[in-house]
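Reviewing the structure listed below.
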Amino acid sequence: MTAFWAVRIEDKTLKFNHPGLIALGAIFSGVALYIRTPALVLMNVLLYLAVSLAVSGIAASYIHGAEKMRVAGGAILTLAILGIPMLTAGAQVIGAQDLAAIPQVKTVDNVTDLIDTDHIRLTSAKTALWRADKVIGNLGYKVGVFTPDVQFLRGELVWLVPLDYTTLDKALIYAGEGTDGYVIVSSENPKAEPRRVTGLQMHYTPHAILEYDLTRHIWEDYPTYVIHKPVFQLDEEGSPRWVTLLSRPALYGIIGETPEGVVVTDPVTGTNEFFDLGTQPAWIQRVYDEDLTETYLGWWGTYSDGWINSWWGQRNLKYPTGEVYVEHGEAGATLSSGDPDVYLVQGTDGNQYWFTAITTPGKDSSMVGYVLCDVQDGTFTFYNAPGYYNDFGAAANVQQHQKVAMATGLEVVQPIMYVLDGQEVWIIPVISQTGEMMEIGLVVAHGGETFVGTSLDDVLTQWRGVSGKTPGQDDGEVTIQEIEEIRKLLDRLEARLKAQNQT
């Protein structure tokens with residue numbers, strides 16, 4: 001596979017002709033590659049060549065007592081471990097603005113009408129797992145529920161929850177049987193009964209082992225691609241499929257992952273089929289994965305004005321807001337924000353979009369806008385919305401609401417913004433610590449007015465009653481909603497003036 005050191009001491013001359021050590025290096029590299037399944041791109045190839053070379057040299061030095069070879073092998077190993085990551089970091093510094101340009105984010109000032117308010121996500125991932133776990137039944141001896149994925153199915157947003165092995169020994173013992181199927185949980189109705197689909201010998205899954213390990217199985221056919229997180233979807237016939245995005249580094253062969261296609265895997269037979277980006281079947285609803293979308297937004301918001309500005313001047317920095325989660329302690333519930341997070345929403349055009357709020361450096365609860373990313377083609381659009389409550393601020397309002405704060409163990413999850421009656425509002429489920437949906441929160445993005453109810457209809461009724469406007473109202477009177485629209489226009493004008501002054 002590569003050149004390895006093998007030495008023999010003879011009259012102080014080093015000869016590279018020891019076949020046993022060459023075999024040792026080859027075996028080491030093969031095992032390491034099989035376990036790690038790295039994409040065979042430039043940096044990873046250099047890393048494994050260097051590590052294999054160092055291991056063979058060190059082994060040879062101990063066998064033949066060649067101290068110099070031991071030192072040289074250790075130096076190469078150190079260089080591989082430290083030098084190659086430094087080279088990657090250097091490439092990121094040099095190519096920072098090129099990274100920022102990859103998403104090609106378009107900026108607009110208008111309010112979006114792309115988020116479909118007929119399909120509001122009320123069931124969080126945690127609730128979906130809780131409900132799906134209750135219907136596993138007699139399959140619990142070998143499988144459990146794992147990462148759910150959203151799909152639009154028969155006119156409704158649903159969670160598809162694949163069944164997978166719970167432990168390594170279960171994956172080994174029951175590899176021949178497969179995991180049997182998946183569970184469908186409504187994403188729009190938290191009280192709807194989940195449906196278990198069984199009788200499917202799904203051998204190839206993320207938690208299977210050896211040849212059935214899904215990532216390894218894909219890597220064996222496509223080793224030169226970066227393999228992203230597989231997404232569980234149903235094809236046009238309702239058969240389960242894994243859809244996995246494949247990419248390659250766009251800059252210097254090192255950084256800047258750019259999607260090139262998707263591979264569709266049959267979890268029963270293991271058949272892999274590759275499609276160039278843009279030629280994938282129509283039933284594939286999601287191409288761009290969550291992690292890559294978050295990475296792209298991070299590059300765009302951080303490096304648009306260069307690497308130095310990202311930490312020195314910090315002009316025009318924009319950050320995707322983080323995952324909102326609640327920690328329960330002796331002092332009560334504490335709201336925290338984690339890594340950048342995006343949420344999948346259904347579009348009025350039939351496509352799906354990744355949604356996230358965008359904020360600036362600091363710890364306040366306001367945002368400068370929000371982004372929608374088309375999961376089919378990776379089109380990013382940034383909507384200016386200065387001065388609005390971001391998802392963390394909205395979630396904090398709901399968490400501190402009397403109905404939530406006075407109850408033990410309740411926590412807010414999955415804040416997503418929708419445009420209802422012409423206004424941007426946050427819809428935020430409130431769940432118990434087990435995952436059961438208990439309340440629904442609504443926060444007006446421009447103003448922060450907060451309402452909590454037992455259902456979506458309840459909370460919408462409260463909000464519309466206070467705002468003094470019902471859907472479709474057009475009586476010529478100046479309403480609170482119209483005043484809010486004027487405020488939003490003034491905020492946008494103010495933001496433009498500030499931007500002009502800065503330049």
TODO: Name every residue in segment 254-295 that is open to solvent by 30 Å² or more (accessible area, probe 1.4 Å), part of a helix (DSSP H, G or I) and of a type outside the set (D, E, K, R), in order of residue number.
DONE: 295
TODO: Say whether the condition of being in contact with a Leu (Cβ under 9 Å, 6 or more places away or on another chain), of a type in the set (A, V, I, L, M), part of a strand (DSSP E or B) and farther than 28 Å from residue 277 by Cα is met by at least one residue in segment 132-148.
DONE: yes
Open item on the list: Could you check segment 191-214 and list, in sequence order, the residues that are without any contact (Cβ under 8 Å) to a residue 12 or more places away in the chain and among the hydrophobic types (A, V, I, L, M, F, W, C)?
Closed with: 192
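Here's the yes/no breakdown for (1) within 18 Å of residue 126 (Cα to Cα); (2) surrounded by fewer than 20 Cβ atoms within 10 Å (Cβ to Cβ); (3) within 30 Å of the chain's Cα centre (by Cα); (4) at pLDDT 95 or above:
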{"site": "406", "(1), (2), (3), (4)": "no, yes, no, no"}
{"site": "419", "(1), (2), (3), (4)": "no, yes, yes, no"}
{"site": "432", "(1), (2), (3), (4)": "yes, yes, yes, no"}
{"site": "437", "(1), (2), (3), (4)": "yes, no, yes, no"}
{"site": "441", "(1), (2), (3), (4)": "yes, no, yes, yes"}
{"site": "466", "(1), (2), (3), (4)": "no, yes, no, no"}
{"site": "469", "(1), (2), (3), (4)": "no, no, no, no"}
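The rows are residues; the columns are (1) touching a strand residue (DSSP E or B) at 6+ places or on another chain (Cβ under 6 Å); (2) among the hydrophobic types (A, V, I, L, M, F, W, C).
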| site | (1), (2) |
| --- | --- |
| 178 | no, no |
| 183 | yes, yes |
| 193 | no, no |
| 211 | no, no |
| 214 | yes, yes |
| 220 | no, no |
| 233 | yes, no |
| 236 | no, no |
| 257 | yes, no |
Open item on the list: Taking the conditions exactly as written (more than 18 Å from residue 382 (Cβ to Cβ), over 21 Å from the mean Cα position of the chain (by Cα) and acidic (Asp, Glu)), does residue 291 satisfy them or not?
Closed with: no
TODO: Could you list, in sequence order, all residues of segment 296-334 that are in a strand (DSSP E or B) and either touching a helix residue (DSSP H, G or I) at 6+ places or on another chain (Cβ under 7 Å) or not hydroxyl-bearing (Ser, Thr, Tyr) (or both)?
DONE: 319, 320, 322, 323, 324, 326, 327, 328, 329, 332, 333
Open item on the list: What are the pairs with Cβ atoms under 6 angstrom where one residue, in segment 341-365, is at negative phi and the other, located anywhere, is part of a loop (DSSP other than H, G, I, E, B) and surrounded by fewer than 16 Cβ atoms within 10 Å (Cβ to Cβ)? Sequence gap at least six, or different chains.
Closed with: 361/314
TODO: Could you tell me which numbered condition residue 224 fails, if it satisfies all but one of (1) under 23 Å from residue 46 (Cβ atoms); (2) touching an Asp or Glu at 6+ places or on another chain (Cβ under 9 Å); (3) part of a loop (DSSP other than H, G, I, E, B)?
DONE: (2)
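Listed here are the residues, each with its yes/no results for (1) open to solvent by 10 Å² or more (accessible area, probe 1.4 Å); (2) in contact with a Gly (Cβ under 7 Å, 6 or more places away or on another chain); (3) small (Gly, Ala, Ser).
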residue: 86; (1), (2), (3): yes, no, no
residue: 99; (1), (2), (3): no, yes, no
residue: 107; (1), (2), (3): yes, no, no
residue: 111; (1), (2), (3): yes, no, no
residue: 117; (1), (2), (3): yes, no, no
residue: 135; (1), (2), (3): yes, no, no
residue: 142; (1), (2), (3): no, no, no
residue: 153; (1), (2), (3): yes, no, no
Open item on the list: Among (1) at pLDDT 95 or above; (2) in a loop (DSSP other than H, G, I, E, B); (3) open to solvent by 30 Å² or more (accessible area, probe 1.4 Å), there is one condition residue 238 misses while meeting the rest; what is its number?
Closed with: (1)
Task: Residue in segment 314-321 that is at pLDDT 90 or above, surrounded by fewer than 20 Cβ atoms within 10 Å (Cβ to Cβ), touching a Phe, Trp or Tyr at 6+ places or on another chain (Cβ under 9 Å) and farther than 21 Å from residue 429 by Cα present - done: no
- [ ] Could you please tell me which pairs satisfy a Cβ distance under 9 Å, a separation of 6+ or placement on different chains, a first residue in segment 435-447 that is over 21 Å from residue 390 (Cβ atoms), and a second residue that is of a type in the set (Lys, Arg) and buried (at least 20 other Cβ atoms within 10 Å of the Cβ)?
- [x] 435/126; 435/131; 436/131
- [ ] Filter segment 155-181 down to residues that are among the aliphatic types (A, V, I, L, M), closer than 19 Å to residue 212 by Cα and either open to solvent by 10 Å² or more (accessible area, probe 1.4 Å) or touching an Asp or Glu at 6+ places or on another chain (Cβ under 7 Å) (or both), then give me how many there are.
- [x] 5
- [ ] For residue 434, work out the one condition from (1) under 21 Å from residue 327 (Cα atoms); (2) assigned to a strand (DSSP E or B); (3) of a type in the set (S, T, N, Q) it doesn't fulfil.
- [x] (2)
Open item on the list: Take the residues in segment 120-131 that are open to solvent by less than 30 Å² (accessible area, probe 1.4 Å) and touching a Gly at 6+ places or on another chain (Cβ under 9 Å); name whichever of them is farthest from residue 191 (Cα to Cα).
Closed with: 124
TODO: Kindly list the number of the only condition in (1) buried (at least 18 other Cβ atoms within 10 Å of the Cβ); (2) under 30 Å from residue 116 (Cβ atoms) that fails for residue 302.
DONE: (2)
Open item on the list: If residue 228 meets every condition in (1) over 18 Å from the mean Cα position of the chain (by Cα); (2) touching a residue at least 40 places away in the same chain (Cβ under 8 Å); (3) open to solvent by 10 Å² or more (accessible area, probe 1.4 Å) apart from one, which number is that one?
Closed with: (1)
Task: Conditions (1) open to solvent by less than 30 Å² (accessible area, probe 1.4 Å); (2) under 23 Å from residue 429 (Cα atoms); (3) among the hydroxyl-bearing types (Ser, Thr, Tyr); number of the one not met by residue 147 - done: (1)
TODO: Determine the pairs where a residue that is within 26 Å of residue 377 (Cβ to Cβ), located within segment 263-276, has a partner that is small (Gly, Ala, Ser) and surrounded by 15 or more Cβ atoms within 10 Å (Cβ to Cβ) with Cβ atoms under 7 Å apart, the partner being 6 or more residues away or on another chain.
DONE: 274/261; 275/261; 276/261
- [ ] Considering (1) open to solvent by less than 50 Å² (accessible area, probe 1.4 Å); (2) among the hydrophobic types (A, V, I, L, M, F, W, C); (3) not in a loop (DSSP other than H, G, I, E, B), say which one residue 250 fails and leave the rest.
- [x] (1)
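The values are calculated or read from the model by the stated rules, or taken from the named source; none is laboratory data. Since we're looking at a predicted model, the values are computed, not measured. Backbone-built Cβ (ideal geometry, glycine too); neighbour counts: all protein chains shown. Note: accessible area is taken over every heavy atom of the protein model, side chains too, but ligands, DNA and RNA are not part of it. Shrake-Rupley method; radii C 1.70, N 1.55, O 1.52, S 1.80 Å.
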